1. Of the options H68, Y199, I228, report the single residue whose Cα projects farthest towards the positive end of the charge dipole of the chain (beta-carbon charges: Lys, Arg +1; Asp, Glu -1).
2. Taking Cα Rg over 2.2 N^0.38 Å straight from the coordinates, which label in (1) 1.22; (2) 1.15; (3) 1.01 is the correct one?
3. Excluding the sites themselves, what is the longest stretch of the chain that contains no GluC sites (Glu not before Pro) in a DSSP loop with at most 16 other C-beta atoms within 10 Å?
4. Over all directions, how big on average is the projection of the convex hull of the alpha-carbon atoms in the range 144-292, in square nanometres?
5. Too long at a 32 Å Cα-Cα cut-off: which of K98/K278; K127/K210; K134/K183; K92/K270?
6. About the Cα centre of the chain, what is the dipole size in debye to 20, counting +1 per Lys and Arg Cβ and -1 per Asp and Glu Cβ, all else neutral?
7. Need one number: nm distance between label points at F20 and T273, each 7 Å from Cα along Cα→Cβ, rounded to one decimal.
8. Say a site is exposed when it is one of the trypsin sites (Lys or Arg not before Pro), sits in a DSSP loop, and has at most 13 other Cβ atoms within 10 Å; what is then the longest site-free stretch of the chain?
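None of the figures in this text is laboratory data; all of them are computed from the coordinates on show. The shown structure was predicted, so the numbers you read here are calculated from the model rather than taken from an experiment. Virtual Cβ from ideal backbone geometry, glycine too; neighbours counted across all protein chains shown.
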Amino acid sequence: MTAEPTHTCYEGHTVPNFQFYLEHSGEHEAMLQCVQNVLPGEFTRIGAGKSSLDVLGVGSGGGEMDVHMLSLLQSAFPAVPITADIVEGSSKLTDNFKALVAKTANLQKIPFNWHIMHSGDYEKQVKAKGDMKKFDFIHMIQMIYYVDNLGETIKFYQSLLKKNGRLMIIIEAGNSGWDILWKTFANELHQCNDAIKEYRSSNEVIACLKNQGLKYDEHPVPNSFDIIECFNPSSETGQRLLNFMTAQENFHESFTPEIRASMLDLLRDKCSTEKDGKVFFNSDLKCILVHG
């Protein structure tokens, strides 16, 4: 019998909320800009002299970022065979990823291995088999919040890197709006959500890397988006953004009026900048490249 899969944040109601958030936040565009600037040089270093290249995506979601990164790698090394292993807990998002691969002509030569499971279950499976496939490039984008033990997770995935390999972690920046919101209301937000184990920002990841003596590089990923609709109780856009930002099915039903008011005050006063009648939420990210 197979073990019951661990549920991730992105099942059920959260998948459409996540897609809605991506459309409104510009987050993928900001990450793509960073990837476009940073990865070509990294890939040249990673792939130098290699006869094959192996990539592992952990928490890849619908695959939008993966497809872009694999295309960049392929264009850097057109004659080198590439394999891609994908670990993603949401079957719905994995289906979206497969559909995206099917219509991306240049990826047809890349064999994909799909692991529809939580990253912790993948770690257990790999350790149980004792067959440690090593990778040249591993990426964990916006998923480090869902792991049980940050230190052990980083240690495990870094151990899967080949020589000159890189583990790329993209996460909300320390002191960003997300960091302030989730740390200020840690008790209230975690009480209503069991998918996010512990809110973490780039500060926690970097502290962990220093603690393990791992070498890494940092790249800022600036981003912000207008959340003015969040302050209009009758706005469906505002409601859906608040649902996603607090990881709730229904923001207005999940918290008392006092907590809701405090959260909205914090979002406006401490997490955002007001300009031209708009409220721009600071959603800066950090791209961290851990050396193999």
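1. H68
2. Calculated Cα Rg over 2.2 N^0.38 Å: the matching label is (3).
3. On the way: sites that count: E11, E198, E249.
By the stated rule (loop sites, at most 16 other Cβ atoms within 10 Å), 12-197.
4. Working: hull surface 38.0 nm².
Spelled out: convex hull of the Cα atoms, projected over all directions, averaged, 9.5 nm².
5. On the way: K98/K278 38 Å; K127/K210 25 Å; K134/K183 35 Å; K92/K270 35 Å.
Exceeds cut-off: K98/K278; K134/K183; K92/K270.
6. Numbers: 27 positive and 37 negative charges, 278 e Å.
Roughly 1340 debye for the chain.
7. 2.8 nm
8. Working: sites that count: K103, K109, K133, K215, K270.
Looking at the chain, 1-102 is the longest stretch - no exposed trypsin sites (Lys or Arg not before Pro) with at most 13 other Cβ atoms within 10 Å.
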